[in-house]
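Contents: one structure, followed by commentary.
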Amino acid sequence: MHLGPKAAIKNLLKKYRVQPSKGLGQNFLIDKGAVNKVIKAADLRLEDVVLEIGPGLGVLTQKLAEKVKKVMAVEKDPSLIRILNNELRIMKVKNVKVTQGDILKILNSKLPIPNSYKVVANLPFYLTAPAIRKFLEADTQPKSMLLIVQREVAQRICAKPPKMNLLAVSVQFYADPKIISYVSKKSFWPQPKIDAAIIKIIPYKSALLSASLRFYFFKIVRAGFSQPRKQLINNLFKKLKVDKMKIGSWLWESNIQSSQRAETLSIKDWLKLTKIFKSYYGNFK
Ligand code: SAM
């Protein structure tokens, strides 16, 4: 009898006497349609190396392995790795290497980052923002990231002015994110409370700012969003601890009104603020 993905996953967990872990965000993909959408949108080539975060029981992993040269999968849960390695052996899949560890900790130590790679993942909720940041800030960024994340988080990442937020600026400083499609919560087991979305993040070929100015950029952005409902000038004054009059002219010279809120600023506005900032304040800590 051919089992559907949900029955297959339940069967596997039962066979190995393992329960899905809530803490690790284990909501397994059980919808073939969603799996196919991810694979198609990842735009994979036979020579590609894919780094998969959280392969779980391998629903995506096996499909990825058919399409690319190598899959480097990083899974935190040792009990799932035992199952996954066994199943990959039974299926005679030879181009998947599973590494045990926390993706936020093992990059470039236990797991060297390849020269050229794409990231694919059905991410646990708690890991979304830190994992995206980790890869966008890496010395060798991925060519693309194809991710399943919570619907609201996807919308926040792709937001535009006047609805920007800290996460959107942090991602859009490095990359161009796009929502590919939405995925119903019914596509996962155990079923989460919230629908999801497939997003694709493609890092820019060259950085928008030098490494030294990047430090100022994020210092200013974080200060600007420190109290998102408040006017930009007050947030900058409070957090950067610099003269308020001078902030007024800094904003004016950057073509930004003092009464604006951080959510109304585009990436270009933040870049302008950063570049003009140094001529006003020199170095600051
Ligand atoms: N890829 C599988 C799928 O689509 O069915 C599982 C996705 S599930 C949403 C998230 C997976 O990430 C789980 O297997 C979980 O154990 C793993 N995980 C959670 N935290 C992790 C971390 N810090 N590093 C690596 N994997 C992690």
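Some values worked out for this structure:
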| item | result |
| --- | --- |
| The chain - percent relative contact order, Cα under 8 Å, separation 6 or more | 15 percent |
| In degrees, nearest ten, helix 211-224 long axis to first principal axis of the chain (Cα) | 80 degrees |
| Choice from LEU123, LEU107, LEU80 with maximal GNM fluctuation in the chain (Cα, 10 Å cutoff) | LEU107 |
| Degrees, to the nearest 10: 5-15 long Cα axis against longest axis of the chain | 70 degrees |
| Qualifying trypsin sites (Lys or Arg not before Pro) in segment 152-197, DSSP loop, other Cβ atoms within 10 Å at most 16 | LYS163, LYS193 |
| Cα gyration tensor shape of segment 229-285, rounded if a/c is under 1.5, else prolate or oblate by comparing a/b with b/c | oblate |
| Efficiency of FRET between LYS10 and LYS97 - r from beta-carbon atoms, R0 25 angstrom, step 0.05 | 0.40 |
| Heavy-atom accessible area per residue - the chain, 1.4 Å, Å² | 52 Å² |
| For segment 211-280, with +1 on Lys and Arg beta carbons and -1 on Asp and Glu, the positive-most of THR264, ALA223, LEU251 along the dipole | ALA223 |
| For segment 199-266: relative contact order, % (alpha-carbon pairs under 8 angstrom, 6 or more apart) | 29 percent |
| Radius 12 Å from Cβ of MET72, net charge of other residues (Lys, Arg +1; Asp, Glu -1) | +2 |
| Acute angle (nearest 10 degrees) that the helix 244-253 long axis makes with the longest principal axis of the chain, alpha-carbon atoms | 70 degrees |
| Theoretical ellipticity at 222 nm over the chain - DSSP helices of four or more residues, -39500 (n - 2.57) apiece, nearest 500 | -12000 deg cm²/dmol |
| Trypsin sites (Lys or Arg not before Pro) within segment 93-142, DSSP loop, no more than 12 other Cβ atoms inside 10 Å | LYS94, LYS110 |
| Rounded percent of accessible protein surface that carbon and sulfur make up, the chain, 1.4 Å probe | 53 percent |
| Estimated dipole of the chain in Debye, rounded to 20 [Cβ of Lys and Arg +1, of Asp and Glu -1, Cα centre] | 380 debye |
| Cleavage-rule hits, trypsin sites (Lys or Arg not before Pro), segment 198-258, DSSP coil, Cβ neighbours within 10 Å at most 15 | LYS205, ARG229, LYS230, LYS241 |
| Dipole-positive endmost among ASN86, VAL96, LEU44 within the chain (Cβ charges, Cα centre) | ASN86 |
| Along each principal axis, Cα extent of the chain, largest first, Å | 74, 37, 28 |
| Charge-dipole axis of the chain as Lys and Arg at +1 and Asp and Glu at -1 on Cβ define it, positive-most pick from LEU136, ILE53, SER279 | ILE53 |
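The values are calculated or read from the model by the stated rules, or taken from the named source; none is laboratory data. Please read these numbers as outputs of a predicted model, since none were measured by experiment. Here the Cβ is made from the backbone with ideal geometry for all residues, glycine too, and neighbour counts use every protein chain on show. For the accessible areas, the whole protein counts, side chains as well, though only heavy atoms, and no ligand, DNA or RNA atoms are used. Shrake-Rupley method; radii C 1.70, N 1.55, O 1.52, S 1.80 Å.
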